[in-house]
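Some notes on the structure that comes next.
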Amino acid sequence: MSIISIASASEGQAPAPQHDIQHYLRPGSLQLSALPPLSLYIHLPWCLKKCPYCDFNSHAQGAGPLPEQQYLDALVADLDAALPLIWGRTVHSIFIGGGTPSLFAPASIDRLLGDVRARLRLEPDCEITLEANPGTFEKDRFRAFRQTGVTRLSIGVQSFNDDHLRALGRAHDSAQAMAAVEEAASAFDTFNLDIMYALPGQTLEQVGQDIDTALSFKPPHISIYHLTIEPNTVFAKYPPVVPEEDTAYAMLDLITERTQAAGLGRYEVSAYARDGHRCWHNLNYWQFGDYLGLGAGAHGKLSFAHRVMRQVRFRDPARYMQEALRGNAVASEDEVPRGDLAFEYMLGALRLRHGFGLRDFGERTGLPITAIQAALQQAEQKGLIERDFARVRPTERGFDFLSDLQTLFLSNAP
Ligand SMILES: C[S@@+](CC[C@H](N)C(=O)[O-])C[C@H]1O[C@@H](n2cnc3c(N)ncnc32)[C@H](O)[C@@H]1O
Ligand code: SF4
């Protein structure tokens with residue numbers, strides 16, 4: 001998944017005031033020595049149906065066809081309005097997420113990428129990921145996505161067990177999941193499988209079976225998420241019976257052991273990859289890189305010499321299209337307060353097995369290392385990190401107690 005959550009911006013609100021570029025470049029409390037790499041996130045918000053556990057900005061498709069061309073027009077208008085904020089910068093990765101982007105026709109994805117290439121300079125080896133769901137007519141379609149320039153497919157498998165797929169309210173069954181993975185493996189050099197564990201009624205043995213089935217396709221990358229019961233979902237209202245916490249820990253240990261044995265290293269809390277197949281786009285998020293977020297409800301983070309800004313687009317697809325076509329897609333925009341930068345940096349960086357470089361911390365946040373010295377000392381005393389003169393890494397214990405570790409970096413932390 002794209003790791004950036006799609007939060008809600010109030011739909012009643014007026015668009016964020018539009019500023020010219022001088023507004024973002026004016027003096028401020030920060031002095032960044034360089035701008036971080038830039039990624040592009042594009043949100044396509046429709047699915048065949050809404051899953052009962054999902055709190056992403058995704059909407060059941062309804063009876064008629066998707067308004068693909070109108071939505072693409074809105075995305076392009078959104079990009080055109082945002083161009084001055086990223087003028088002259090090169091894009092290192094693109095992630096087309098959802099929702100279920102594979103519901104869009106390959107010709108639409110081709111048009112979208114063509115429109116992006118016409119406006120932005122892409123790195124020659126720019127990673128372009130598209131999220132795809134099994135059961136969305138993948139025969140021949142995945143290969144057609146590859147031909148549009150998509151380099152990486154991320155498939156929302158979740159489980160290969162029919163009972164669990166039913167319990168999750170998924171639109172596909174295990175035969176469709178396997179067919180989709182085979183199709184992806186034949187069309188793409190690199191692809192990801194999204195798997196969830198700690199599912200309603202799931203046993204440790206069944207987790208082992210799911211992982212073994214996933215590994216039998218030799219995936220270069222797997223993302224594994226503990227099912228969380230999110231507020232305002234059907235599962236929050238009618239909670240299913242899920243495995244106890246101890247069982248869930250044992251499941252994660254089993255997953256880590258089997259993926260490791262198959263040559264996939266755990267490089268981030270939820271991500272496992274073979275060498276050379278780490279997700280560049282998500283690494284950029286975790287390393288406090290920049291990303292322009294286009295599409296309904298999309299989040300963005302952009303750095304300027306003296307400030308770091310966050311933006312959220314209108315969440316409702318119809319409102320988003322209406323506003324974006326007028327050049328007003330941004331529902332809210334805020335400068336990250338200086339006091340929040342260290343914590344925001346740590347939210348991503350401490351998810352990584354290799355942690356972060358002290359120099360990178362300074363470059364991305366504009367803060368001196370003394371700003372986090374006390375928190376680093378506390379984390380070290382608690383056995384949550386290890387460090388040398390150049391790098392800080394979470395320990396195994398730090399991974400197990402990640403939110404405790406991250407909280408130490410809150411500006412008002414004890
Ligand atoms: C934004 S979703 C989109 C992918 C695709 N639409 C799908 O569901 O197959 C990305 C991934 O987030 C994970 N996910 C979504 N809701 C979750 C939840 N409540 N708990 C844990 N993981 C979740 C799923 O593994 C999903 O594949
Ligand atoms: S298919 Fe994916 S994005 Fe759509 S509702 Fe289900 S989990 Fe959410």
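Which of the following residues is open to solvent by less than 20 Å² (accessible area, probe 1.4 Å), within 9 Å of ligand 1 (Cβ to nearest atom) and of a type in the set (Ser, Thr, Tyr): Thr228, Thr233?
Thr233
In this structure, Ile96 does satisfy being more than 26 Å from Gln22 (Cα to Cα), part of a strand (DSSP E or B) and within 16 Å of ligand 1 (Cβ to nearest atom). For the range 4-59, taking the residues that are surrounded by fewer than 18 Cβ atoms within 10 Å (Cβ to Cβ), among the hydrophobic types (A, V, I, L, M, F, W, C) and within 16 Å of ligand 1 (Cβ to nearest atom), the one that is modelled with the highest pLDDT is identified as Cys54. For the range 140-155, the candidate set comprises residues that are polar (S, T, N, Q) and away from ligand 2 (no atom under 14 Å from the Cβ); within that set, the residue that is surrounded by the fewest Cβ atoms within 10 Å (Cβ to Cβ) is Gln147. Condition check for Phe137 on (1) among the hydrophobic types (A, V, I, L, M, F, W, C); (2) touching a Leu at 6+ places or on another chain (Cβ under 7 Å); (3) surrounded by fewer than 18 Cβ atoms within 10 Å (Cβ to Cβ): one failure, at (2).
When residues in the range 60-69 are screened for being of a type in the set (Gly, Ala, Ser) and either within 16 Å of ligand 2 (Cβ to nearest atom) or surrounded by 17 or more Cβ atoms within 10 Å (Cβ to Cβ) (or both), 2 of them pass.
Within the range 60-86, the only residue that satisfies the criterion of being hydrophobic (A, V, I, L, M, F, W, C) and modelled with pLDDT under 95 is Ala63. When the residues of the range 38-59 are filtered to those that are of a type in the set (Phe, Trp, Tyr) and not in a loop (DSSP other than H, G, I, E, B), which remaining residue is farthest from ligand 2 (Cβ to nearest atom)? Going through the qualifying residues, I end up with Tyr41. Being surrounded by 16 or more Cβ atoms within 10 Å (Cβ to Cβ), in contact with a helix residue (DSSP H, G or I) (Cβ under 9 Å, 6 or more places away or on another chain) and not in a strand (DSSP E or B) is not true of Leu122. Picking from residues in the range 126-144 that are of a type in the set (Gly, Ala, Ser) and under 19 Å from Pro45 (Cα atoms), the one that is nearest to ligand 1 (Cβ to nearest atom) is Ala132.
Looking only at residues in the range 70-108 that are in contact with a Gly (Cβ under 8 Å, 6 or more places away or on another chain) and of a type in the set (Asp, Glu), the one that is surrounded by the fewest Cβ atoms within 10 Å (Cβ to Cβ) is Asp80. In the condition set (1) in contact with an Asp or Glu (Cβ under 8 Å, 6 or more places away or on another chain); (2) modelled with pLDDT of 95 or more; (3) more than 11 Å from ligand 2 (Cβ to nearest atom); (4) open to solvent by 10 Å² or more (accessible area, probe 1.4 Å), Gln158 is compliant with all but (3). Looking across the range 198-214, the residues that are in contact with a strand residue (DSSP E or B) (Cβ under 6 Å, 6 or more places away or on another chain) and either more than 14 Å from ligand 1 (Cβ to nearest atom) or closer than 13 Å to Thr247 by Cα (or both) come down to Ala198, Val207. Evaluated against (1) in contact with an Asp or Glu (Cβ under 7 Å, 6 or more places away or on another chain); (2) open to solvent by 10 Å² or more (accessible area, probe 1.4 Å), Ser303 falls short on exactly one condition, (2). Looking only at the range 215-225, count every residue that is among the aromatic types (Phe, Trp, Tyr) and more than 14 Å from ligand 1 (Cβ to nearest atom) and tell me the total. Counting residues in the range 215-225 that are among the aromatic types (Phe, Trp, Tyr) and more than 14 Å from ligand 1 (Cβ to nearest atom) gives 1.
The values are calculated or read from the model by the stated rules, or taken from the named source; none is laboratory data. The shown structure was predicted, so the numbers you read here are calculated from the model rather than taken from an experiment. Please note: Cβ atoms are built from the backbone with ideal geometry, for glycine as well, and neighbour counts cover all protein chains shown. The accessibility values were calculated without ligands, DNA or RNA, using every heavy atom of the protein model including side chains. Shrake-Rupley method; radii C 1.70, N 1.55, O 1.52, S 1.80 Å.
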